[in-house]
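Notes follow once the structure below has been shown.
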There are 2 protein chains.
Amino acid sequence: MDAKNSITQMRRGILEFCIVSLLAEDEIYTAELIDRLKSANLIVTDGTLYPMLNRLQKAKLLQYRWEESESGPPRKYYSLTDPGIAFLEQLDSAWQDMTASVESIRKGTQK
Amino acid sequence: MDAKNSITQMRRGILEFCIVSLLAEDEIYTAELIDRLKSANLIVTDGTLYPMLNRLQKAKLLQYRWEESESGPPRKYYSLTDPGIAFLEQLDSAWQDMTASVESIRKGTQK
DNA sequence: CCCGGTACCTTGCACTGCAAGGTAGCTTGC
DNA sequence: GCAAGCTACCTTGCAGTGCAAGGTACCGGG
């Protein structure tokens, strides 16, 4: 057993929340998403993102439009749908609940 | 796709951290662990905990001793080993880093 | 002596994230 | 005008967690 692996596991499921949060601000395509996440210290590969974006889009939480690039192949710009915004609100609320729970345990105030 | 499922996934990997944190305070056996987690709004079943405790113990992060109960079968009381304490410190640090990252994304201060 | 409660454990499934590999459009250099 | 390289999209197989369901064994009470 390795702390590194446990830490990787600890980030599981957080990723979806981060992506939906970022898309709430802007229309973004995949490589840009990866950059934004990286600058917040969350390293992800595109092999992780493409299936996730497709999944969210099939669930009608995301929509996309094609935009041609000035240099290279066209890009898929994603944004939130209305259900996607509601979904984000639920995740955000769950995030706050969860961090509060963990903090109470972490600080040992919990009896 | 369902928000409920995403929220479940979001808690993945957090559990190990919570258990190690709780064990840092006290010697605890499984049913008591479940109660403590439940009172912090983290619902877990014993089918989840037993494999995890065994895994952590095999990795020498936990140790246990048997204690006979006044009513019922004997209990395994777990506690942290020295490597377990070091492990907890690493997880705690990773937890702080991760929450800071997510907060920066969540609040949209991130550019 | 059996029945319910408690405590331990295992198995099979669903799901995410990652590494590795694959396709195709566009530009640059020869 | 075409080969090489970059960019962008996507798929497949694996590792690992958490859960539901089911199983074993000890103990006390009626």
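Every number in this text was worked out from the coordinates using simple rules, so none of it is lab data. Everything numeric here is computed off the predicted structure, so don't read it as measured data. A quick note on method: Cβ atoms are made from the backbone with ideal geometry, for glycine too, and the neighbour counts reach across all protein chains shown.
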Three semi-axes of the equivalent ellipsoid, region A:45-111, Cα gyration tensor, whole Å, largest first: 36, 15, 10
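To the nearest 20 debye, what charge dipole does chain B have about its Cα centre, counting +1 at the Cβ of each Lys and Arg and -1 at the Cβ of each Asp and Glu?
The dipole magnitude comes to about 600 debye.
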Taking the label point 7 Å from Cα in the Cβ direction, how far apart in nm is residue A:71 from each other copy of itself, listed shortest first? 7.6
For the protein assembly as shown, what is the Kirkwood estimate of the hydrodynamic radius, computed as the reciprocal of the mean inverse distance between distinct Cα atoms, to one decimal in Å? 19.1
Shortest first and in nm to one decimal, what separations exist between residue B:30 and its copies in the other chains, measuring from label points 7 Å along the Cα-to-beta-carbon line? 4.3
In whole Hz and in residue order, list the ³J(HN,Hα) couplings for region B:16-23 that follow from phi through the Karplus curve 6.51 cos²θ - 1.76 cosθ + 1.60, θ = phi - 60°; x for Gly and Pro. 4, 4, 4, 5, 5, 4, 5, 5
Taking every residue in A:8-21, how many Cβ atoms of other protein chains lie within 10 Å of its Cβ, on average? 6
Within 10 Å of each Cβ of B:22-29, how many other protein chain Cβ atoms are there on average? 2
Percent relative contact order for chain A, counting Cα pairs under 8 Å at least six residues apart, stands at 25
Can you tell me which of A:75, A:11, A:65 moves the most in a GNM of chain A? Springs connect C-alpha atoms under 10 Å apart. A:11
Kindly express, to the nearest 10 degrees and within the range 0 to 90, the angle between helix B:46-58's C-alpha long axis and the longest C-alpha principal axis of chain B. 80
How long are the semi-axes of the ellipsoid equivalent to region A:3-106, from square roots of 5 times the Cα gyration tensor eigenvalues, in whole Å, largest first? 27, 18, 11
Give the average, rounded to an integer, of partner chain Cβ atoms located within 10 angstrom of each Cβ in A:84-97. 3
